[in-house]
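To keep things clear, I will list the structure first and then write my remarks on it.
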Amino acid sequence: MFLADTLEELGAKLSIPADKLAEAVAEYNAGCGVPETIMTPGGPIECPPKDPMTDGPWYALPLKLFHENSIGGIVIDENAQALKNGRPMPSLYATGDNTRGIMMPGNVGSGYIESTISALTFALCSGYIAGEEVSRE
């Protein structure tokens, strides 16, 4: 993980030209402040507006793209809590490839995933959600 006080410093640590990094942040910020609707196999989901990235410190986590998914897995609810017979199991959360939902038989498969989200996106997001929920217990 990299940490920097400015985008220029972060760019130098990542070997990314500072102007390109600033351009990417500006593009992200241009899409902030407006709610977004995304389509999922279960129907549309309303996402809250994103907050703009304006001040440091700046963090970066270099990742390598790969595709590894499982089909099936633990059923979870919207809070990443594991379900048994449709009911939440106390203090048990599951995330990423351990869960079912992003790779299911039928018309949802790798083509859908690769054009919409990645397994890593789901792992990071569901992990964040589970962490938020655990912190409330």
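The values are calculated or read from the model by the stated rules, or taken from the named source; none is laboratory data. Fair warning: this is a prediction, and the values are worked out from it, not measured in the lab. Positions of Cβ are generated from backbone atoms using ideal geometry, with glycine treated the same way; all protein chains shown enter the neighbour counts.
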Matching strands (runs of 3 or more DSSP E) fully within the stretch 1-97 where at least 1 residues are among the β-branched types (Val, Ile, Thr) and modelled with pLDDT under 90: 36-40, 43-47
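If we scan the stretch 113-128, do we find a residue that is over 13 Å from the mean Cα position of the chain (by Cα) and either modelled with pLDDT of 85 or more or surrounded by 14 or more Cβ atoms within 10 Å (Cβ to Cβ) (or both)? Before the answer, list the steps.
Keep residues of the stretch 113-128 that are over 13 Å from the mean Cα position of the chain (by Cα), which gives 114-115.
Still in the running and either modelled with pLDDT of 85 or more or surrounded by 14 or more Cβ atoms within 10 Å (Cβ to Cβ) (or both): none.
No; the residues of the stretch 113-128 include none that is over 13 Å from the mean Cα position of the chain (by Cα) and either modelled with pLDDT of 85 or more or surrounded by 14 or more Cβ atoms within 10 Å (Cβ to Cβ) (or both).
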Residue check, Gly101 outside the structural domain of Tyr128 (by TED's automatic domain parsing), assigned to a loop (DSSP other than H, G, I, E, B) and either modelled with pLDDT under 90 or within 17 Å of Ser126 (Cα to Cα) (or both): no
